[in-house]
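Written out below as structure tokens is the structure these notes cover.
Every number in this text was worked out from the coordinates using simple rules, so none of it is lab data. Because the structure is a prediction, the values reported are computed rather than measured. Here Cβ is always computed from backbone atoms with ideal geometry, including for glycine, and neighbour counts include all displayed protein chains.
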Amino acid sequence: MSFPYTQRKTDMTCKGCERNNQMMEMDIESAIDEQLSMELNHASNELRDQRLIVCSACPALSEHTCKHCGCFVRFRASLQDKRCPLGKW
């Protein structure tokens, strides 16, 4: 038996899910910013941005985290002494 709701377009999202995803994004960004505020050895903005460009093209990137090590990539890329676990930067 087929229900009408199973025939909806799959590219539609519910408004509640969109809000939850936006809140999760804000929570993640806030958590990263909070942790970075406790760190002393920050990379320059240019170095961080270069690293994030490399991460954005990496198949190990899963939204905000690295599938290889599990870190938030923006956090790791923002610290001078951190390295990519795959040796890409």
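Please work out the Kirkwood hydrodynamic radius for the stretch 44-83, using every pair of different C-alpha atoms, and report it in angstroms with one decimal place. Walk me through the numbers on the way to the answer.
On the way: mean 1/r = 0.1002 Å⁻¹.
Final number for the Kirkwood radius of the stretch 44-83 is 10.0 Å.
How much length is gained if the chain between SER44 and SER30 is pulled fully straight, taking 0.36 nm per residue apart and subtracting their Cα-Cα distance, in nm to one decimal? All intermediate terms of the calculation are to be shown ahead of the outcome.
Numbers: separation 14, 0.36 × 14 = 5.04 nm, distance 1.97 nm.
Value of the extension gain: 3.1 nm.
Please say if the stretch 19-89 is rounded, prolate or oblate, where rounded means a/c under 1.5 for a ≥ b ≥ c the square roots of the C-alpha gyration tensor eigenvalues, and otherwise the choice is prolate for a/b larger than b/c and oblate otherwise? Show your work: numbers first, answer last.
Values: a/c = 1.91, a/b = 1.17, b/c = 1.63.
It is oblate, given that a/c is not under 1.5 and a/b is not larger than b/c.
Please report the net charge: other residues with Cβ closer than 14 Å to the Cβ of LEU47, K and R +1, D and E -1.
Working: positive: ARG48, ARG51, ARG74, ARG76, LYS82, ARG83, LYS88; negative: GLU46, ASP49, ASP81.
Spelling it out: positives minus negatives among the neighbours equals +4.
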